[in-house]
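Worksheet: one structure, shown below.
The values are calculated or read from the model by the stated rules, or taken from the named source; none is laboratory data. Note that the structure is predicted; figures quoted are calculated from it, not measured. Neighbour counts are summed over all protein chains in view; Cβ atoms, including those assigned to glycine, are modelled from backbone coordinates with ideal geometry. Only protein heavy atoms, including side chains, enter the accessible area calculation; ligands, DNA and RNA are left aside. Shrake-Rupley method; radii C 1.70, N 1.55, O 1.52, S 1.80 Å.
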Amino acid sequence: MTSVLNLAGSLLASSAALWRGTNARPAALQPAHALKLYEMENCPYCRLVREVLTELDLEVLVLPCPKGGTRFREEVIAAGGKAQFPYLVDPNTETAMYESLDIIEYLYQTYAQRPAPSRFKMSLVDTPSSMLASGLRLSKGLRARPALAAEKPLALWSFESSPYARPVRELLCELELPYNLHNIGKGQWQDFALTKIRDRLWPEMAHVSANRQTLKRRAGKVMSPYLEDPNTGVAMFESADILDYLNETYSIC
Ligand SMILES: N[C@@H](CCC(=O)N[C@@H](CS)C(=O)NCC(=O)O)C(=O)O
């Protein structure tokens, strides 16, 4: 099992962030090519952007830039002039930008065709609560650790507030492993039931979210996190198994 303390801390962090990044109301448009997000897992501003990516159900390639990282930080400095995160690149519109609130506004304007959350609320409620969530995770998901590079990006199926997925994202960040993030935010009330119970009660249930449907087809059930590694052919559920796999395969300390 993922250590109980780690999981309890992750649960507290999701609560501190007021469980934003749980529900999905898909954007009206989907980007033809995945967005790219340069970020650090435990950066409070990056969390705000990831919450919106879950809420809008947008596909994104995450390029982890932990402190001391050497793989993707230079790309941001070369493109934007400074090492500041989050940094979003949208290949569909040839747009690139810093600043979490600008990125959120851009995502709503471009893909959701509905208003973004008010800047007032974002500044007074969302940002401080995201800072509290980061404080609770201390240095997890913030500093680079020596690791082998992955030739191809991994794929992670999760939603932002998932307490089990957070430790996996933290490790992916520390190991600077890029990954395609397939958001599986909750789109209907049955999604709040535990996977086993839901599958027993409604075995034929049609998921409303496209990513949930795809995950069910690919892996037989919908549960967060689910990791696929195209470099080794490995695919697995269970956060503790995923953490062991990533450490054994990529960590070199
Ligand atoms: N106002 C910016 C603040 C972003 C920011 O301060 N990010 C920190 C991480 S939390 C950063 O990039 N620090 C530079 C570094 O870690 O190298 C936003 O909302 O995006």
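Worth pointing out:
- Counting only helices (runs of 4 or more DSSP H) that fall entirely inside the range 135-253 and contain at least 3 residues that are over 21 Å from residue 34 (Cα atoms) and not small (Gly, Ala, Ser), the qualifying elements are 165-174, 195-201, 239-250.
- Looking across the range 156-210, the residues that are more than 30 Å from residue 68 (Cβ to Cβ) and either modelled with pLDDT of 95 or more or of a type in the set (Lys, Arg) (or both) come down to 184, 185, 186, 196, 198, 200.
- Here residue 37 meets the list (1) within 27 Å of residue 149 (Cα to Cα); (2) open to solvent by 30 Å² or more (accessible area, probe 1.4 Å) almost entirely, failing just condition (2).
To keep it simple, each residue is scored yes or no on (1) under 21 Å from residue 41 (Cβ atoms); (2) open to solvent by 20 Å² or more (accessible area, probe 1.4 Å).
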site	(1), (2)
81	no, yes
85	yes, no
88	yes, no
101	yes, yes
106	no, yes
109	no, yes
112	no, no
117	no, yes
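- Among the residues of the range 4-34, those that are touching a helix residue (DSSP H, G or I) at 6+ places or on another chain (Cβ under 8 Å) and open to solvent by 60 Å² or more (accessible area, probe 1.4 Å) comprise 12, 18, 23, 25, 26, 28, 29, 30.
- Sub-9 Å Cβ pairs linking a first residue in the range 201-226 that is over 13 Å from residue 158 (Cβ atoms) to a second residue that is assigned to a loop (DSSP other than H, G, I, E, B) and among the polar types (S, T, N, Q), at least 6 apart or interchain, are 205/188; 207/188; 208/188; 210/30, ordered by first then second residue.
- Every condition in (1) over 10 Å from the mean Cα position of the chain (by Cα); (2) crowded, with 17+ Cβ neighbours inside 10 Å; (3) at pLDDT 95 or above holds for residue 146 except the one numbered (2).
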